[in-house]
1. Within the set of pairs 6 or more residues apart or between chains, which connect a residue that is touching a residue at least 24 places away in the same chain (Cβ under 8 Å) inside the stretch 14-29 to a residue that is aliphatic (A, V, I, L, M) and open to solvent by 50 Å² or more (accessible area, probe 1.4 Å) with Cβ atoms less than 8 Å apart?
2. When residues of the stretch 25-45 are filtered for being open to solvent by 80 Å² or more (accessible area, probe 1.4 Å) and either part of a loop (DSSP other than H, G, I, E, B) or at pLDDT 90 or above (or both), how many remain?
3. Of all residues in the stretch 34-57, count the ones that are closer than 17 Å to Val14 by Cα and touching a helix residue (DSSP H, G or I) at 6+ places or on another chain (Cβ under 9 Å).
Amino acid sequence: VHALVDLGQVTELVCQHPECVYPGQPFRYERRGDSLSLTIDHVIPQRTEKNHRPENLRITHYACNMGWR
């Protein structure tokens, strides 16, 4: 199941994670789960609060969202 996320005023797709694993690297769209694929990260984790408001979401690389270092 895929959810559509309204990215609002986002005009440039860059990783918004403060400790980006791949700074400046573009997203890959070929394979879901690829370290450079695009994901939506919750700033306040879902396990803490089911908050899907746009201000709680950021665009990240899959690796950044999973905490790969």
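The values are calculated or read from the model by the stated rules, or taken from the named source; none is laboratory data. This structure is a prediction, so every number in the text was calculated from the model and none was measured. Positions of Cβ are backbone-derived with ideal geometry, glycine not excepted, and every protein chain shown enters the neighbour counts. Areas reflect the complete protein model, heavy atoms only, side chains present, ligands, DNA and RNA absent. Shrake-Rupley method; radii C 1.70, N 1.55, O 1.52, S 1.80 Å.
1. Short answer, once both residue conditions are applied: Phe27/Leu13; Phe27/Leu38.
2. Number of matching residues: 6.
3. Narrowing the stretch 34-57 to residues closer than 17 Å to Val14 by Cα: 34-43, 54-57.
From the residues that got through so far, the ones that are touching a helix residue (DSSP H, G or I) at 6+ places or on another chain (Cβ under 9 Å) too are 34-43.
Looking only at that region, the number is 10.
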